[in-house]
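The values are calculated or read from the model by the stated rules, or taken from the named source; none is laboratory data. From a predicted model like this one, the values you see are computed outputs, not experimental measurements. Don't worry about glycine lacking a Cβ; one is built from the backbone with ideal geometry, like all the others, and counts go over all protein chains shown. Areas reflect the complete protein model, heavy atoms only, side chains present, ligands, DNA and RNA absent. Shrake-Rupley method; radii C 1.70, N 1.55, O 1.52, S 1.80 Å.
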Amino acid sequence: MKHYRWMTTLGLVLILAAACTAAPQPAATSAPTGVPRFEATDCWFNEPPGEEVECGWLIVPEDHANPDGPTIKLAVARFKSDSANPAPEPIVYLEGGPGGSPLRSLVGQFGVLFGPLLKNNDLILFDQRGTGYSQPVLDCPEYNQLVLDTLDQYLSIKEAEEVSNAALLKCRDRLIKDGVNLAVYNSAQNAADIEALRQALNLSQINLYGISYGTRLALTMMRDFPQGIRSVTLDSVLPPQEDLYATTVTNGARALNALFDACAADAACNAAYPNLRQTFFDLKQRLDDAPVTFPVTVPDGSKQDMLLNGDSLVGLVFQGMYATSLLPAVPRLIV
C-alpha cells in the first residue's frame with residue numbers, strides 16, 4: 001500500500017488554522033454593562049525598540065446578536081505614528097490563517113513588517129477572537145502533542161485521518177465543555193469585533209490592511225460596516241465565496257507551475273536550475289519511495305527527528321513561496 005507523510009507543512013498550517021495554538025485560557029465570562037469597551041493594560045510582549053505602543057483589552061459580546069450575553073476579550077496593541085501630526089484614521093492590520101496571531105508571531109519583526117506604515121498613521125495590531133493572547137483561545141494541545149508524537153512516523157492516509165480526527169474531536173469536545181460557543185467564531189463576528197473596536201476607540205473611520213484570510217475579513221467588513229471604513233488594502237485575496245480548503249490543492253498547483261515557468265523564462269535561473277519542474281517531481285518521488293529523517297528543534301527547545309517525504313517537500317516549497325524574500329532561494333531548495 002502506498003504511504004504518505006501525513007503531516008506536511010501545509011497540512012499543519014491548515015488544521016492549526018481551525019485549532020490554533022496557545023496555553024489554555026478561561027472561557028467567556030458573564031457580561032458586565034457597557035460593551036464594547038476598551039480597558040488599558042500592560043502589553044503581553046516585549047515592546048519593539050523605539051516604538052511607542054499602548055495595549056489593552058477590547059471587551060465585546062461573544063455573540064454580537066446577543067449583546068447582553070457572555071463577553072470575550074480581544075488583545076489589542078496600538079503603535080503610535082512617527083508623525084508629529086498623524087492622520088486621525090489608524091491602520092488596522094488583519095492577520096491571515098485563519099488563526100494567526102500578529103501579537104505573538106509578528107511583533108518581533110515589527111520594524112521590517114510594519115515600520116513604514118507608521119509614517120503618517122497609527123497602526124493597530126490585534127489578535128482576532130479565539131487566537132493568540134485573546135480570551136478564550138481556541139487552543140488544541142491535544143493535536144499539537146499528536147504532531148510531536150508522530151513527527152518521525154510514516155503514516156498512511158487512513159491512519160493519519162483517524163489519529164488527527166480523534167485529536168481534533170477531543171479538542172472540540174473540551175472547548176465546548178469549557179463553555180466556548182464555537183458557532184460564533186466566524187468572519188461575521190470577527191467583522192463585528194472590528195466595528196466594536198472602532199466604536200470603543202472613538203474613531204470616525206479606520207484604514208484596513210488585510211492579508212490572506214485577513215482579506216476575507218476586510219471584505220466582510222466592507223459588506224457589513226462600510227460606514228466606518230476610509231480605505232482598504234487587500235494582499236492575496238480570499239473572497240467570501242471561495243472555500244479555502246477545497247481550493248488549496250488547485251492554488252498550490254498553480255503557484256508551483258508559476259514558479260517553474262518563471263524560472264524557465266529567466267536565463268540565469270534556467271541555466272542554474274535547468275528542467276526545474278522535472279527535478280522537483282523526481283525529488284518528490286524519491287522522497288516518497290525513501291523518506292529521510294533529520295533533527296529539528298521543537299517548541300520546548302529539545303531536539304527530535306522529523307520525517308520528510310515527497311508530500312512534506314510539496315508543503316515546504318508551497319509555504320516557502322508565501323515570503324517574497326524567500327522566492328529566489330526556492331529553486332536551490334529543490335535542487
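Structure values in brief
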read-out: Within the stretch 45-116, GluC sites (Glu not before Pro) in DSSP loop having at most 13 other beta-carbon neighbours inside 10 Å; value: Glu52
read-out: Estimated vicinal HN-Hα couplings, Hz - the stretch 258-271 in sequence order (Karplus 6.51, -1.76, 1.60; Gly, Pro = x); value: 4, 5, 5, 5, 5, 5, 5, 7, 9, 4, 5, 5, 5, 5
read-out: Label-point gap, in nm, between Asp42 and Thr297 - each point 7 angstrom along Cα→Cβ; value: 2.7 nm
read-out: Per-residue ³J(HN,Hα) for the stretch 54-70, Karplus 6.51 cos²θ - 1.76 cosθ + 1.60, θ = phi - 60°, Hz, x for Gly and Pro; value: 10, 10, x, 9, 9, 9, 9, x, 4, 10, 5, 6, 10, x, 9, x, x
read-out: Computed E for Asn186/Leu327 - FRET, C-beta separation, R0 35 angstrom, nearest 0.05; value: 0.60
read-out: Cα centre as origin, Lys/Arg/Asp/Glu Cβ charges: the stretch 43-200 dipole, Debye; value: 120 debye
read-out: Those residues of the stretch 235-254 whose amide nitrogen sits under 19 Å from the label point placed on Ala264, 7 Å along Cα→Cβ; value: 251-254
read-out: Geometric extent, Cα atoms of the stretch 206-335 - Rg, Dmax (angstrom); value: 19.0, 57
read-out: For the stretch 46-154, diffusion coefficient by Stokes-Einstein and Kirkwood Rh (Cα), 10 °C, 1.306 mPa s, µm²/s; value: 100 µm²/s
read-out: Extreme residue, positive dipole direction of the chain, given options Thr247, Val335, Leu125 (C-beta unit charges); value: Val335
read-out: The chain: relative contact order in percent, alpha carbon pairs under 8 Å with at least 6 residues between; value: 20 percent
read-out: Taking the stretch 143-226 and dividing mean pair separation by its residue count, relative contact order in percent (alpha carbons under 8 Å, at least six apart); value: 25 percent
read-out: Counted charge near Pro70, where neighbours are those whose Cβ lies closer than 13 Å (Asp, Glu -1; Lys, Arg +1); value: -2
read-out: Radius ratio Rg over Rh of the stretch 99-221, counting only Cα atoms, Kirkwood formula for Rh; value: 1.05
read-out: Total charge dipole magnitude, the chain, about the Cα centre, Cβ charges on Lys, Arg, Asp, Glu only, Debye to nearest 20; value: 440 debye
read-out: Sulfur and carbon atoms: percent of accessible area, the chain [1.4 Å]; value: 54 percent
read-out: Pairs of Cα atoms farther than 33 Å apart, the chain, %; value: 34 percent
read-out: The stretch 60-208 - percent relative contact order, Cα under 8 Å, separation 6 or more; value: 28 percent
read-out: Spread of Cα-to-Cα distances over 10 Å intervals beginning at zero, given as percent, for the stretch 92-161; value: 17, 34, 26, 17, 6, 1
read-out: Those residues of the stretch 270-312 whose amide nitrogen sits under 13 Å from the label point placed on Ile157, 7 Å along Cα→Cβ; value: 311
read-out: Pairs beyond 32 Å (Cα-Cα), from Lys177/Lys303; Lys73/Lys303; Lys158/Lys284; Lys119/Lys303; value: Lys177/Lys303; Lys73/Lys303; Lys119/Lys303
read-out: Surface per residue (accessible, 1.4 Å probe) for the chain, Å²; value: 50 Å²
read-out: In the stretch 42-123, trypsin sites (Lys or Arg not before Pro) in a DSSP loop with at most 14 other beta-carbon atoms within 10 Å; value: Lys119
